[in-house]
Amino acid sequence: MNIDLDAALIALQNKQKKESPWDDAALHVSDLALCKRQVWARRNGVTESYIDLDNWVQMQLGLKYEEIVCAALDAKGVKYEYQVPVKDPIFGHKLIGTADFVFEDAVLDTKTTTFWSGYVGKGDERRKQVKIPEEPKMGYRIQAAAYAIALGKPRYGLQVVCRASGKRVTFWYETAGLASVIGKAVVDMQTTTTSDPEPIEAKPPWYTEDADGKSWQCGYCPYAACESNRNESLQVL
C-alpha cells in the first residue's frame, strides 16, 4: 500500500489551522513584541501565518512540555488554570491570546528554545556550548506580562527550556515593571488595521537589534516586500 505521508501531514496542518481560534486579522498579544510593519502585513492579508514543518514540530514539543508541567503541578496539588484565553481589553483595546498557566496571583509562560552560545575546544574536543541565560528575551517578558495585565495578576513568570540539553531556568517578575512599555505598544499597534496605511519603515523592537542595528526578526519575517527582509527561507516565484 502506498501512503502519501506528505499529503497527510499537510492535511493535518490545514485541519488544525482551520480549527484554530487564531485570527490573522486580529491583534495578538504576541504582536506586541514584533515589528509594526510585519503585523500590518499579516492583518491586511499581505502575508499569512504559515508554519513550516520544522516550526510545527517545535510547536508540538512546546505543547508536550506544557503537558509535563501540568503533570508536575497536579502531582504537587498546585491549583492552576491551563490555557486561559484573554477576554478583557488590555489598556482599553482588544487583543487575543492564551496564557499558558494561571495561578491565584501570577501567570506563567513556558518557552522551549536552545541555549547554544557558540563552541568550545578544538579538534576532536570541539563541542557546542550550552549557556543558561541570565535573563529571558524581552519579547518573552512582554508577552507574559501582557497576559498578567489582562488577567489581573500582579506577577508573571517565564520558564525557558532548552530542547537540546533539557536544561531549564525560571524567572519571576512584578507585572507593574513593564506596564508602561506594554501600554505604549498596545496603543501603537492599533494603527495596523485595513484602514491604516502601510508603516513607512520596518521598525522591529530595539531589544531585537544587534550592535549593527540589525534585528534578528528580519531573518524570519514573512513579509518579502520589505527592503529589510533577510528571510532566506522565502520562495519567490
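Take the residues in the range 184-202 that are in contact with a strand residue (DSSP E or B) (Cβ under 9 Å, 6 or more places away or on another chain) and in a loop (DSSP other than H, G, I, E, B); name whichever of them is surrounded by the most Cβ atoms within 10 Å (Cβ to Cβ). Within the range 184-202, the match that is surrounded by the most Cβ atoms within 10 Å (Cβ to Cβ) is MET189.
For the range 203-224, residues that are in a helix (DSSP H, G or I) and under 16 Å from the mean Cα position of the chain (by Cα) total 6. Would you check if there is a residue in the range 129-140 being farther than 23 Å from VAL186 by Cβ, of a type in the set (Ser, Thr, Tyr) and modelled with pLDDT of 90 or more? No, the range 129-140 has no match at all. Would you check if SER165 is at pLDDT below 85, of a type in the set (Gly, Ala, Ser), surrounded by fewer than 16 Cβ atoms within 10 Å (Cβ to Cβ) and within 17 Å of GLN38 (Cβ to Cβ)? No, not satisfied. Of the residues making up the range 97-136, those that are assigned to a loop (DSSP other than H, G, I, E, B) and either without any contact (Cβ under 8 Å) to a residue 12 or more places away in the chain or crowded, with 19+ Cβ neighbours inside 10 Å (or both) are GLY97, PHE115, GLY121, LYS122, ARG126, GLU134, PRO136.
With the structure loaded, tell me whether THR193 is touching a residue at least 60 places away in the same chain (Cβ under 8 Å) and farther than 30 Å from TYR65 by Cβ or whether it fails that test.
yes
Among the candidates TYR156, TYR223, single out the residue that is within 19 Å of LEU95 (Cα to Cα) and either of a type outside the set (Gly, Ala, Ser) or surrounded by fewer than 17 Cβ atoms within 10 Å (Cβ to Cβ) (or both).
Every option except TYR156 fails the conditions.
All conditions but one from (1) modelled with pLDDT under 95; (2) among the acidic types (Asp, Glu); (3) within 24 Å of MET59 (Cα to Cα) apply to ASP100; the one that does not is (1). When residues in the range 153-171 are screened for being part of a loop (DSSP other than H, G, I, E, B), of a type outside the set (Lys, Arg) and touching a Ser or Thr at 6+ places or on another chain (Cβ under 9 Å), 3 of them pass. Could we say that ALA144 is in a strand (DSSP E or B), surrounded by 14 or more Cβ atoms within 10 Å (Cβ to Cβ), touching a Pro at 6+ places or on another chain (Cβ under 9 Å) and at pLDDT 95 or above here? Criteria not met by ALA144.
The values are calculated or read from the model by the stated rules, or taken from the named source; none is laboratory data. The structure displayed is predicted, hence computed values, not measured ones. Please note: Cβ atoms are built from the backbone with ideal geometry, for glycine as well, and neighbour counts cover all protein chains shown.
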